[in-house]
Amino acid sequence: MEIVRSHRKSSAGGPVPTLSFYRSAPPLEVRLEDFELFAMDRLRVLHGISDGLSRGKKATEMDDLVSELWREHMRHPDTTEIINKDIISHFVLRLVYCRTEDLRKWFLSMETTLFRSRFRFASAEAQIMLMNECELPLKALTHDEFKDVKDELGQVARSINQPLPTDDSIFFKIPFEEVPELVAARSVYLRKGYGYVAVNQVVSLVANQFRSHLSKALVLTNRKWTTTIRELEKDRLTPIVEGLSTRYLGPDYSQPKEYAEISLKDIDQIARSSFSLCMRHLFYKLREDHHLKHGGRMQLGLFLKGVGLKLDDALAFWRAEFSQKVGSERFEKEYAYNIRHNYGKEGKRTDYTPYSCQRIITSTPGVGDHHGCPYRHFSEENLRAALGNMGVTGRSVDDIMEKVQNRHYQLACTLTFEAIHSCPHDAGINHPNQYFIDSRKILQPKADSVGGS
């Protein structure tokens, strides 16, 4: 049964833009470039939501954040293009995030949060159009039913600081067991087994329907991906799909930025003050063992390149360490080429980019490896010791460990930065080179002040 049968128009005179349950992919032709770019823009929205949730933002704050993220990354001057971009990007990311349980869980949570906020911001017309798609146990109140309970609805509205119902208000009857959140919060009028809810109170019910549908759809998409699509598209879509979940979407750190030039004579002091925990761990393991396996060399080497260590200095730095373990001759034969290669001086002469947090977190170090993210891969005892060596103590350590236990590794790194530098970092840490640059911006003026005095 439709909740409202009339096709409503927006105030501008056109059809009301509808929210979507994304029940089936539309027959749209998509350029390969847009396939990737649309997905990346939606990922920026979802990563922003993830950061907001991990920081404990309240519902109203999340709504404002989602609105800002959507406006920044998903808007388009053409209304039709907005709708297409929304639908295309959602279905592309279904392919990306259907492939493992962890990916499905993250995508499901972020998309449901996005849907919930968009539903709250939508007009009553758009909300009703979506609810007409759902098989929800809702029944719109008739005019006589509304008049019969209007006073009671007004009492509830006053108790929860909501606008008083008017003759134009839309209310529904719904079995009370379908809205346990509203019952528990005493924010719904109950009568004869039904809860009487305003249109803006059904968001939880609709969001749960959305989540249930998307959860099932992700499982089905995974079956299609593994049995058919992955092999058919192995040369075209598969590389894009399999790379998007770890794609870094922030600034490019392949070239040194401001506050990002280091020399060999300063490297030890700067490592102590401004290296993130992952790079600090690799740096001191290299100093201790005079060797790093390939993963560690790549992670630390590209980071050092990105913060301004010149090629000649990089060769001297690695040669000084490795020659103590393998000798100078073996270093020149087996390791020097890779260092020059990272700087674009050998092979394809590609300007390789330093690893982002996302790539580091998803790496899988083996026995004897030291790369990867310490917040993810260290034991609790080792992580507490490492934080202590960085000068992080007391309540700050407990707060960081709480984020680690909830798998918010980048937020744990952000809290580490804040504890060390005694100032907030609202943007959040997404890249070791970002950590370095932001640290130097804070510490360099202090050093200059001390030198000038």
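Read the figures in this text as sums done on the coordinates, not as results from a lab. It should be emphasised that the depicted structure is a prediction, and the values quoted were computed from it without experimental measurement. We place every Cβ from the backbone using ideal geometry, glycine too, and count neighbours over all the protein chains shown.
Add +1 for every Lys or Arg and -1 for every Asp or Glu among the other residues with Cβ under 14 Å from the Cβ of residue 371, and state the total. Net of charged neighbours comes to +4.
Using helices alone, what [θ] at 222 nm do you get for the chain, with -39,500 (n - 2.57) per DSSP H run of 4 or more residues, divided over all residues and rounded to the nearest 500? Write down the numbers at each step before the final one.
Working: 21 runs with 267 residues, N = 453.
The helix-only estimate for the chain comes to -18500 deg cm²/dmol at 222 nm.
With axes computed from alpha carbons, what is the tilt in degrees of helix 203-224 against the longest principal axis of the chain, rounded to the nearest 10 within 0 to 90? Helix 203-224 sits roughly 50 degrees off the main axis of the chain.
Taking every alpha-carbon pair under 8 Å whose residues sit at least 6 apart, the chain reaches a relative contact order of 14 percent. Each peptide in 116-122, 413-419, 37-43, 167-173 gets a packing score, the mean of other Cβ atoms within 10 Å over its residues, and the list from highest to lowest is 413-419, 37-43, 116-122, 167-173. A dipole drawn for the chain from +1 and -1 charges on Cβ atoms has a positive end, and of 388, 306, 344 the residue lying farthest that way is 344.
Shape call for segment 243-368 from the C-alpha gyration tensor, a ≥ b ≥ c root eigenvalues: rounded (a/c under 1.5), prolate (a/b greater than b/c) or oblate?
Numbers: a/c = 1.31, a/b = 1.28, b/c = 1.03.
Rounded.
Which peptide among 269-275, 223-229, 330-336 comes first, and what is the full order, when sorted by highest mean count of other Cβ atoms within 10 Å? Numbers along the way, then the final one.
Working: 269-275: 18.1, 223-229: 12.7, 330-336: 14.7.
With the highest mean Cβ count within 10 Å placed first, the list reads 269-275, 330-336, 223-229.
For segment 359-387, backbone nitrogen atoms closer than 16 Å to the point 7 Å from residue 294 Cα along Cα-to-C-beta are found at 363-372. Computed from Cα atoms, the angle from the helix 380-389 axis to the main principal axis of the chain rounds to 60 degrees. In whole percents, the pair-distance distribution calculated for segment 392-449 from its alpha-carbon pairs, binned every 10 Å from zero, is 23, 51, 22, 4, 0. Simple spin-label estimate for residue 44 and residue 266 gives 3.2 nm between the two label positions (7 Å along the Cα-to-Cβ direction from each Cα). Give me the base-10 log of I(q)/I(0) for segment 334-439 at each q in 0.09, 0.14, 0.23 Å⁻¹, Debye formula, one uniform scatterer per Cα, rounded to two decimals. Log-scaled intensity ratios, in q order: -0.29, -0.64, -1.27. Here the gap between residue 427 and residue 405, fully extended at 0.36 nm per residue and compared with their Cα-Cα distance, gives a gain of 5.8 nm. For residue 224, a cut-off of 22 angstrom between C-alpha atoms picks up these lysines, skipping any fewer than 8 places away in its own chain: 105, 216, 234.
Rg and Dmax of segment 137-201, both derived from C-alpha coordinates alone, stand at 10.7, 28 Å. Taking packing as the residue-averaged number of other Cβ atoms within 10 angstrom, the listed peptides 88-94, 175-181 run from highest to lowest as 88-94, 175-181.
With one equal scatterer per alpha carbon and no solvent term, the Debye-computed log10 I(q)/I(0) for segment 64-198 at 0.09 1/Å reads -0.39. What do you get for the angle between helix 32-54 and the principal long axis of the chain? Use alpha-carbon atoms, 0 to 90 degrees, nearest ten. The helix 32-54 is inclined about 90 degrees to the chain. In the structure shown, the pairs 305/345; 265/441; 58/85; 265/285; 150/173 are assessed against 22 Å; a Cα-Cα span above that value is assigned to 58/85.
Extent of the chain along its three principal axes (Cα atoms, max minus min coordinate, largest first): 92, 55, 40 Å.
In segment 264-452, the ratio of gyration radius to Kirkwood radius, Rg to Rh, stands at 0.97 when only Cα atoms are counted. Each 5 Å bin, from zero up to the one with the longest distance, holds this percent of the alpha carbon pairs of segment 301-342: 6, 25, 35, 21, 11, 3.
Identify the GluC sites (Glu not before Pro) of segment 24-106 meeting these criteria: DSSP loop state and at most 16 other C-beta atoms within 10 Å of the C-beta. Provide the component values of the computation, followed by the final result.
Numbers: sites: 29, 33, 36, 61, 68, 72, 81, 101; in loops: 29.
Sparse-neighbourhood loop GluC sites (Glu not before Pro): 29.
Across the options 130, 67, 372, the greatest Cα extent toward the positive end of the charge dipole of the chain (unit charges at beta carbon of Lys, Arg, Asp, Glu) belongs to 372.
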